[in-house]
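J.: Would you mind keeping the following structure in view while I ask a few things?
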Amino acid sequence: MQLVTELLGGNRRALARLITLVENGDPLKNEILQSLYPHTGKAYVIGITGAPGSGKSSLVDRLLQEMRGAGLTVGVVAVDPNSPFTGGAILGDRIRMQDHALDRGVFIRSMGTRGSLGGLSRATRETIQLLDAFGKDLILVETVGVGQSEVDIVKTADTTVVVLTPAGGDSVQTLKAGIMEIADIFVINKADLPGTERAAAEVSAMLDLKSCCDWRPPVVPAVSTRGEGIGALWQSVQEHREYLEKSGRLLEIRKERISRELTEQVEHLVKTMVWEKIKVRMTLGSLVEEIALRRRDPYSAARELLAQIEFPVP
Amino acid sequence: MDMSSKRKIRVLVAKPGLDGHDRGAKVVARALRDAGMEVIYTGLHQTPEQVAEAALQEDVDVVGLSILSGAHMTLVPRIKELLNERQLGAVPLLVGGIIPEEDALALKQSGCADRVFTPGDPLESIVSYIRDRCI
Ligand SMILES: Nc1nc2c(ncn2[C@@H]2O[C@H](COP(=O)(O)OP(=O)(O)OP(=O)(O)O)[C@@H](O)[C@H]2O)c(=O)[nH]1
Ligand SMILES: [Mg+2]
């Protein structure tokens, strides 16, 4: 495929076009991802998550400076939720990432969750793969930490940074929501506001309770608008990466990820296949009618539908 | 239902130039979002290079510029040129703002702008124009 060759040749427009095709679930999607797969696996993925407005995009902008200073190229995927009612979205993360808008070593892509229930969509993971194949050394993924996306980001990122702020006691709340388990690094951003020390102390106290593991997540105060604490954050990211690499954990989590992806892919194929077969054999409409009238039940009806399919022997 | 496989119209709403009002741009952005589109909003004071580069990276279907500073006759042709350089010449370029009629005509005739909207135009006309262009 022409676009794939162009992407591998470093063409930014081809990369952008391919992300769109993948995001739209184009019929060519699997072919695209399949042919690029051998070129993936080199990028290091860093997730940045936290409450809306906690300063994630500003942090990304500052981190880019550190990373570019270290001679590394970076891809950024900034994810925002689509409206569940209209399906539309305003993707505004670029507003705070303008310092690197013209840097050829940085590629920023905004994307909506497109109905993946607040979670990281499959498209996000696939976009990461495209940026990886394109040759980016690092990939930053910004997601709003509400519900499922927090959990999803850990499955996707090598290092997960959780951004808290001293305001509104949201640190305490997020700790309750179980964010403790997913953070490799905590940032207390907006450290220019009162309450920073209290918030940091709270997080540390929670970490004291957690007696496991050889990596203790550092708690880094930062003022992303002024660039304070960013050096320390970048340092922590590098230390965490080093820890993962030296302990063999990185290999492990990447295998876990592949295992999940493989399982998911099989389930996806089965699902598609089954519905294709069932669709051509009969309409569900009449069955639904009968079930609604309680002449039938969905349990036996489902089994009956499946019984019509002759599963191909692989 | 797998909504993730749904195609969406992506629109870049950009404010090039030096004027400091983005109320109009935000109103348009919200209208497009409410019409089910994904709006990439980049904020104030964009250079033409930043606009073109965002259009490329975000692979948008439409670029919309909001210009109130009066500098449209220099900004729009420059942005068109930079889009062309990036093989984005086919992406519709819309301009909104306080644009005198003769300027609007000149921008359209020179092929820089596909359509010019002025404050009197209803939001719905922007939405439907974009929808029609993106089918
Ligand atoms: N006082 C203070 N304000 C900050 C700091 N960092 C960010 N902000 C402000 O917080 C607001 C949100 O910043 P963003 O970087 O857009 O936050 P975000 O988490 O990416 O926001 P969403 O993507 O909308 O969830 C902006 O008005 C920033 O200027 C900080 O360190 N101190
Ligand atoms: Mg943001």
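J.: Of everything in region B:103-135, what is closer than 26 Å to residue B:49 by Cα and free of Cβ contacts under 8 Å to residues at least 12 places away in the same chain? Give them in sequence order.
T.: B:105, B:108, B:109
J.: Could you check how many residues of region B:104-135 are farther than 23 Å from residue B:10 by Cβ and acidic (Asp, Glu)?
T.: Adding up the residues that qualify gives 0.
J.: So, residue A:54, is that one part of a loop (DSSP other than H, G, I, E, B), within 16 Å of ligand 1 (Cβ to nearest atom), in the same structural domain as residue A:159 (by TED's automatic domain parsing) and in contact (Cβ under 8 Å) with a residue 40 or more places away in the chain or not?
T.: So residue A:54 fits the description; yes.
J.: Looking at region A:105-115, which of the residues that are within 10 Å of chain B (Cβ to nearest Cβ) and closer than 18 Å to residue A:12 by Cα is farthest from ligand 1 (Cβ to nearest atom)?
T.: Among residues in region A:105-115 that are within 10 Å of chain B (Cβ to nearest Cβ) and closer than 18 Å to residue A:12 by Cα, the one farthest from ligand 1 (Cβ to nearest atom) is A:107.
J.: Same structure again: Tally time: how many residues in region A:70-104 are more than 7 Å from chain B (Cβ to nearest Cβ) and open to solvent by less than 10 Å² (accessible area, probe 1.4 Å)?
T.: The qualifying residues number 7.
J.: Just the residues that are in contact with a strand residue (DSSP E or B) (Cβ under 7 Å, 6 or more places away or on another chain) and among the small types (Gly, Ala, Ser), please, taken from region A:232-286.
T.: Scanning region A:232-286 gives A:232, A:236.
J.: Do we have residue A:67 as within 14 Å of another protein chain (Cβ to nearest Cβ), of a type in the set (A, V, I, L, M) and either closer than 15 Å to residue A:233 by Cβ or open to solvent by less than 30 Å² (accessible area, probe 1.4 Å) (or both) here?
T.: no
J.: Let me ask something additional. On the given criteria, is residue B:20 more than 11 Å from chain A (Cβ to nearest Cβ), crowded, with 17+ Cβ neighbours inside 10 Å and not in a strand (DSSP E or B)?
T.: No, not satisfied.
J.: Then there is this: Given the condition among the basic types (Lys, Arg) and open to solvent by 10 Å² or more (accessible area, probe 1.4 Å), answer yes or no: does some residue in region A:110-122 qualify?
T.: For region A:110-122, residues among the basic types (Lys, Arg) and open to solvent by 10 Å² or more (accessible area, probe 1.4 Å): present.
J.: Hey, among A:266, A:220, A:237, which residue is assigned to a helix (DSSP H, G or I), within 24 Å of the chain's Cα centre (by Cα) and assigned by TED's automatic domain parsing to the domain that holds residue A:122?
T.: A:237
J.: Residue A:38 versus (1) within 14 Å of chain B (Cβ to nearest Cβ); (2) away from ligand 2 (no atom under 16 Å from the Cβ); (3) closer than 14 Å to residue A:129 by Cβ: which is the lone unmet condition?
T.: That leaves (1) as the condition not met.
The values are calculated or read from the model by the stated rules, or taken from the named source; none is laboratory data. Predicted model only: the values in this text are computed from it and were never measured. Because the Cβ atoms are built from the backbone with ideal geometry, glycine has one as well, and the counts that use them run over all protein chains shown. Areas reflect the complete protein model, heavy atoms only, side chains present, ligands, DNA and RNA absent. Shrake-Rupley method; radii C 1.70, N 1.55, O 1.52, S 1.80 Å.
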